[in-house]
Structure formats: C-alpha cells, structure tokens
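The values are calculated or read from the model by the stated rules, or taken from the named source; none is laboratory data. Not measured: the values here are computed from a predicted model. Cβ: placed from backbone, ideal geometry, glycine included. Neighbour counts: every protein chain shown.
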Amino acid sequence: MRLLVVEDEHKIANSIKKGLEQETYSVDVSYDGSDGYDLASTEEYDAIVLDLMLPGMNGLEICQKLREQKIHTPILMLTAKSELEDKISGLNNGADDYLTKPFAFEELLARIRALLRRPSATLQTILKFQDLTLDTTNFDVIRNKTKIVLSKKEFSLLEYLMRNPGKVLTKENLANHVWDYDSDILPNTIEQYVGYLRNKIDKPFPNKKPLINTVRGFGYKLGTDN
C-alpha cells in the first residue's frame, strides 16, 4: 500500500515515514503544501496523511481542490489545533478523519488502517487466496500450512496482488502502489521481485498450480482463468 505524508515539520514527517515503512507501507513525503498537492493530484496513493498548517498551500485548500477534482483518496488530517471549529472545517473540506498533535504513532497507524478498510470490504487484515494466507498485522505468510519468510518489499508486493485477485496488474500499477516516488526502479525491477515471490510462493509447491501468473503483454495477476 502506498501512502503520502504531507508535513512541514521534517522531524515529524520523517518519523512517520520510518514508522510506516516498518509496517511495510511504501511512503512518499512532502514538506510543502504546493508540492504535496502536486503529488496527491498526479500520483496514485491509497491514503494521505495531511498536516493542516503548511507553507504554499494549507491542508484545507489541498483537501478541497482534490475533492473538486473527484480524487477520493482517504485523507487523515493532522493539526496542532484541537478546537471543534477546525475539526468541522477539515471534515467539511473533504478530510475523512482528524488527529490532533501530539499523538502516539500507534493511534496514527490504527486510524490509517481504518481508512484503508473503508473503500472496500476486501481491505482486511487477513487475506486469503486458495491455500495462501497473508496476515498484515503479524506479517505472516502461509501456504499449504507452510510458513513463508518474505522481505518487506516482497510482502508489500504480495499484499497488493492479494488485494486484487484475478485482476491483471501492469508494471505501472505495481510500481505506483508498492514502490515510493523516489525509488530507483529499473526496467526489470518489477520482474525481479515477481521472480523472488514465485521462488517462495510457487516453486516450493510443485504439486500445486502456480498462483502468480504472467499475462503476456499486459502484466501479472494472482490466479488463473481456470
């Protein structure tokens, strides 16, 4: 899952990024409202953590402009203010939730997870496809009762595939949702990581049908047409 954090306090922004990346999210950070808006309006994100007071363009303006453009990415608004009027203003301008500084990272994480569950019932913490299970809370992956150890990026890639079973995902789809904006993605990076996953998810189970399949000329998908 790919997230955007727009926060002008570098220490807070970098701390949020580090914590979320440890939870296997891919995270982009912007320290400026105008730059944050540009990213939010041109890149694909699963959720946005947005500070209220920002240089260039404040959080309310960003929310309003995104919603006017029919961009409905879930937004968690951060602010040092706690007055009721600020909360109401944020929600009225398109924010989905509100968190007052200072806050515990665990609460931030819980609110992000709650936002990610809203768009679709498939955004759950335990994902299952045939005999494969992925637990996004404990980071466990099990196939045919066998535990599989994945790197963080492999886990993120498998999670995105499992949230879109049977759907053909292009390399661009995968890059946009699994890697952050500043990642140095080479032409064969996606292929390499799909290969790593196959070596752990499919090859150890020769008597099982492969779960990760190539759709030539288009991309990859979890599952087959049969």
Query - helices (runs of 4 or more DSSP H) enclosed by the stretch 1-111 - at least 2 residues per element that are free of Cβ contacts under 8 Å to residues at least 24 places away in the same chain and basic (Lys, Arg) - result: 10-22
Query raised in the report: Hey, any hits in the stretch 27-37 for a residue that's in contact with a strand residue (DSSP E or B) (Cβ under 8 Å, 6 or more places away or on another chain), within 23 Å of Arg163 (Cβ to Cβ) and of a type outside the set (Ser, Thr, Tyr)?
Result: yes
**Report entry** Set Lys221, Lys200, Lys209: member being of a type in the set (D, E, K, R), within 30 Å of Val5 (Cα to Cα) and touching a residue at least 12 places away in the same chain (Cβ under 8 Å)
**Finding:** Lys221
Requested in this report: Check whether at least one residue in the stretch 152-173 is farther than 23 Å from Asp46 by Cα, of a type outside the set (Val, Ile, Thr) and modelled with pLDDT of 95 or more, and report yes or no.
Outcome: no
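Considering only the stretch 170-180, I want to know if a residue exists there that is out of contact with any Pro (no Cβ under 8 Å at 6 or more places or on another chain), over 30 Å from Asp35 (Cα atoms) and either not assigned by TED's automatic domain parsing to the domain that holds Thr136 or not hydroxyl-bearing (Ser, Thr, Tyr) (or both).
no
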